[in-house]
Amino acid sequence: MSGYKAIMGNHGKAREFAPRPLTSVERRTLDYLLSADFPGVTEFRAQAATAHAIGDWGDCCASLVLEVDRSLSPKATANEPVAVEAHSAPGSPARELLLFVRAGWLTELEIVHYEEEPGPRTFPEPESFERPVSYPR
């Protein structure tokens, strides 16, 4: 991952760390995004079962770099770079959840924050977002 650069946004280079399991709210957020129906979701769900966090952007927000076990997971064919997204529900702070992919593999779980600096340090509960959607790109 050395020098991993975010696909989108103003993050710059990610801070690397030893692979760690996703926290319970990170796992719920990933599963929530993958509850949508879109091309490749079956493969991404299999990848998600093996996902670990391997980097973040420090004090910026809760966004993560993901790593999946490619020997245990099938490669997906899906919309890139954003496979699926969810917008904050009415009455919640203006935020978006984005799930990024590269070459058929999960790579980033991102929270975009519009009204907060710095952004949230942990992912909010998925219920504070509208249903996830995937658009053709």
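The values are calculated or read from the model by the stated rules, or taken from the named source; none is laboratory data. Being a predicted model, the structure only gives us computed values, none of them experimental. Backbone-built Cβ (ideal geometry, glycine too); neighbour counts: all protein chains shown. The protein model used for the area step is the full one, side chains on, heavy atoms only, and it has no ligands, DNA or RNA in it. Shrake-Rupley method; radii C 1.70, N 1.55, O 1.52, S 1.80 Å.
Of note:
- Karplus-derived 3J(HN,Hα) values for the stretch 113-120, using 6.51 cos²θ - 1.76 cosθ + 1.60 with θ = phi - 60°, are 10, 9, 10, 10, 9, x, x, x Hz; glycine and proline are entered as x.
- At R0 = 22 Å, FRET efficiency that the Cβ-Cβ distance of Thr50 and Glu115 yields, to 0.05: 0.05
- Note that the chain, at 20 °C in a medium of 1.002 mPa s, gets a Stokes-Einstein diffusion coefficient of 144 µm²/s from its Kirkwood radius over C-alpha pairs.
- Calculated FRET value between Thr42 and His87, using beta carbons and R₀ = 22 Å, to 0.05: 0.35
- Taking the Cα atoms of the stretch 15-91, the ratio Rg/Rh between the radius of gyration and the Kirkwood radius comes to 0.97.
- Ordered by 1.4 Å accessible area with all protein chains kept, Phe17, Phe129 run largest first as Phe17, Phe129.
- Solvent exposure, largest accessible area first (probe 1.4 Å, DNA, RNA and ligands not counted), of Arg95, Arg102, Arg131: Arg131, Arg102, Arg95
- Positive-end residue, the chain charge dipole about Cα centroid, Cβ charges, pick of Leu22, Leu109, Pro74: Pro74
- Using the rule -39500 (n - 2.57) for each DSSP H run of four or more residues, divided by the residues of the chain, the 222 nm mean residue ellipticity is -3500 deg cm²/dmol.
- A Förster distance of 22 Å, applied to the separation of the beta-carbon atoms of Tyr135 and Ser71, puts the FRET efficiency at 0.10.
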